[in-house]
1. Tally time: how many residues in the stretch A:3-35 are hydrophobic (A, V, I, L, M, F, W, C), within 14 Å of A:L168 (Cα to Cα) and facing chain B (nearest Cβ under 7 Å)?
2. Would a scan of the stretch B:37-45 turn up a residue that is in contact (Cβ under 8 Å) with a residue 40 or more places away in the chain, surrounded by 20 or more Cβ atoms within 10 Å (Cβ to Cβ) and over 19 Å from A:I25 (Cβ atoms)?
3. Looking at the stretch B:362-417, which of its residues are β-branched (V, I, T) and either modelled with pLDDT of 95 or more or open to solvent by less than 30 Å² (accessible area, probe 1.4 Å) (or both)?
4. Could you check, for the stretch A:196-207, whether at least one of its residues is surrounded by fewer than 20 Cβ atoms within 10 Å (Cβ to Cβ), modelled with pLDDT under 90 and of a type in the set (K, R)?
5. Could you tell me whether the stretch A:7-24 includes any residue that is modelled with pLDDT under 95, open to solvent by 10 Å² or more (accessible area, probe 1.4 Å) and over 28 Å from B:G27 (Cβ atoms)?
6. Tell me which of these B:E140 doesn't satisfy, since it passes every other one: (1) within 29 Å of A:G367 (Cα to Cα); (2) without any contact (Cβ under 8 Å) to a residue 40 or more places away in the chain.
7. Starting from residues that are away from chain A (no Cβ under 11 Å) and in a loop (DSSP other than H, G, I, E, B), keep the ones in the stretch B:306-326 and report whichever is surrounded by the most Cβ atoms within 10 Å (Cβ to Cβ).
8. Would you confirm whether or not the stretch B:276-293 contains a residue that is surrounded by fewer than 21 Cβ atoms within 10 Å (Cβ to Cβ), more than 18 Å from the chain's Cα centre (by Cα) and either within 12 Å of chain A (Cβ to nearest Cβ) or β-branched (V, I, T) (or both)?
Protein chains: 2
Amino acid sequence: MNAEIIAVGSELLLGQITNTNARFISGQLSELGINVYYHTVVGDNVDRLVNAIKVAETRADLIIFSGGLGPTKDDLTKETIARHLGTVLEIDNYAMQSIEEFFTLQNRIMTDNNRKQALILKDCEVLINRHGMAPGMLLEKNNRIYMLLPGPPKELEPMFQFEAKPKLAARVNDGAQIVSHVLRFYGIGEAELEVKVQDLLENQINPTIAPLASDGEVTLRVTAKAYSLEQAEQLIAGAKDEILRRVGQFMYGENDDSLSSKTAKILIDNNLTIAAAESLTAGLFQSELAENPGISQSLIGGVVTYTEQAKREQLGISADLLENYGIVSSQCAVAMASKVKEKFGTDIGIGLTGAAGPEGHDNQPAGTVWIAVVIGDNEPQTYQLHLTGQRNTNRLRAVKRTFAFIIQLLTEQGYRK
Amino acid sequence: MNAEIIAVGSELLLGQITNTNARFISGQLSELGINVYYHTVVGDNVDRLVNAIKVAETRADLIIFSGGLGPTKDDLTKETIARHLGTVLEIDNYAMQSIEEFFTLQNRIMTDNNRKQALILKDCEVLINRHGMAPGMLLEKNNRIYMLLPGPPKELEPMFQFEAKPKLAARVNDGAQIVSHVLRFYGIGEAELEVKVQDLLENQINPTIAPLASDGEVTLRVTAKAYSLEQAEQLIAGAKDEILRRVGQFMYGENDDSLSSKTAKILIDNNLTIAAAESLTAGLFQSELAENPGISQSLIGGVVTYTEQAKREQLGISADLLENYGIVSSQCAVAMASKVKEKFGTDIGIGLTGAAGPEGHDNQPAGTVWIAVVIGDNEPQTYQLHLTGQRNTNRLRAVKRTFAFIIQLLTEQGYRK
């Protein structure tokens, strides 16, 4: 079975909202093993919607519509589909009752156009809407399935999960399970990663392996199909072993992990405390680390020393050091990390200094960043970056690299991951 | 001229990412008065991409592609379009040079597949990529415009705005100018705002007025069409006056302003310095303020005092105060603001304390936040929030409200906006 998702709504074509429904439905269909070959977005216009339906009928067995089931004149999805399929709309008594109850409950007068929401396609299976008024529909006709869902994600998502998905699963279920794992890499480019696993990407059929790059990170999605969960997990484990053998040193986590959550986990699991002194990132490192619940046992705090004066007065960095090596230097980063570690009495100290851009800073070009990490009594470790992005991309990249650097150093020192 | 946007990428059809590019491009085209009738998403598959192109050619004059210009084998947009249009790809020397420079600068080895990114369609106009390696393209053929843009939004958005949009504007210009101003509001809900300007929304034809809510802010987009820029601006000014008469007290800025950029502007323009002490936001306030170039003359720095101990030791807040009033209290917020102002010797001090969630903190429920602002020798001002979102939404909302509060207090004290 292959599917096309048609979102109906002029607000999508005007750029007022993003088509998050297509993403949600696609993710759900992928779990069922149903291929999605196209998404289409069309406005609230009968002729263009009919055109979109005709195109979809040439290339999909399952056509899922989102939007256009509401009470206003703009909402014309079901009317258009009924005409196109040569069928009619009928009142759904359960939906009508719910709509009337809703208005009674809200103490509001029901306008006539609300009745329109209780109309459904003749002979369809109703998908109950527990979070809104317009019911969804599933209609089989001419060897195709037409599914109509409401536009608001708060109504569509639970309706799909609890009403539509089981009906689809029953139709596609040949007993097979689809399982995906996402492997997360940092510090290796997409092209470089791909070269190293090229033969796996090309020759693997089950599991399949697909790369994706975003925001300085690369992921590999490993997807297996099998007749039991255990079998699917085994297939994935085999492919994962081979991938790790080749590029394991760049992998930092799986599935919902992020560099920040992984850092938080290592810190918390190993009872380590941390403090940071930030210049160009101005609190972004600490703020991203604080996104993780439970971090208050590890993140004690830190300082933002945005100016040279603040570095001297708040951290006690000597004017000599700043004079001799500059603000954007490994020496300054190390001093920041050591001083903040001492000041806050933590196990780990972080120092971040650099020129975010657009201007250079203290004779260093924009994009130059020094990161220092001091762990316990160990020798301070530094990392230099030459970033080429805009100011805020550079600040974010510097923070990501800091997390990756901490994970690497702690792992090397034997802390459990 | 009417347009169709084709996003190419299997990750979209698998539900791994959302098609935000289509939304961005649609918004931009709407400003040019170009109608968008369809969005299509298709995977990294030659046959299905050709099918999507053929369908688009039956219904659009301008076909904009996003994605599939990268270095890997999956990236096949330009190759497929070249074959479909019976043309070839050539090396773009400027792009090739940039790619080589990028690898030299990063001290990384350039793999062969990266060269692929420098290939462009013969006879196209090149759209320079200032934030990545793959150039964009614009090709006119058979009375149609084919535009190819890279997939990553950080590359696509500036390329569209600064390279592609002027070229399209020159082509659609019938002498009419479309001008839009976005008015930005904070502290008023969308429904409440809409009620106050309902008649304007309904009756205005030129300019049109459209509301949009996102992330605690509401905007009104005022769009005029006229045969001169001056005339368009006049039409907008008239509507704006009437809007401000009704809800002016909630407007904080226009167009690309953000609460953070507006705060930075007021601080810089009035030569004011600022420092912050942050608990639940853990540096997010300072980091967001630091997003604005030129802020180093105002933002001196600050402290993150995530733990109670850090509040005592780093800021010298008395154990008595913390004992008597609690960590999540107006007294603690005021002490944080006053102490950090003194410590950093600034004109303004900010204190942020609260319970981000998911757990409550120090007997206060999750979502309780206290903001304190101390300006010069004035009485400290506080603001309490009861937020209901998740941890990181709450942290972001607290920071936004802090910016709005600073803007309000400085404006009330006569600092120029």
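The values are calculated or read from the model by the stated rules, or taken from the named source; none is laboratory data. Just so we're clear, the structure is a prediction, and the values are computed from it rather than from any experiment. In this analysis, Cβ positions are derived from the backbone assuming ideal geometry, glycine residues included, and neighbour counts consider all displayed protein chains. Keep in mind that these areas ignore ligands, DNA and RNA; they rest on the heavy atoms of the full protein, side chains included. Shrake-Rupley method; radii C 1.70, N 1.55, O 1.52, S 1.80 Å.
1. 0
2. Checked the stretch B:37-45: no residue is in contact (Cβ under 8 Å) with a residue 40 or more places away in the chain, surrounded by 20 or more Cβ atoms within 10 Å (Cβ to Cβ) and over 19 Å from A:I25 (Cβ atoms).
3. B:T368, B:V369, B:I371, B:V373, B:V374, B:I375, B:T382, B:V399, B:T402, B:I406, B:I407
4. no
5. no
6. Unmet for B:E140, out of (1) within 29 Å of A:G367 (Cα to Cα); (2) without any contact (Cβ under 8 Å) to a residue 40 or more places away in the chain: (1).
7. B:I317
8. no
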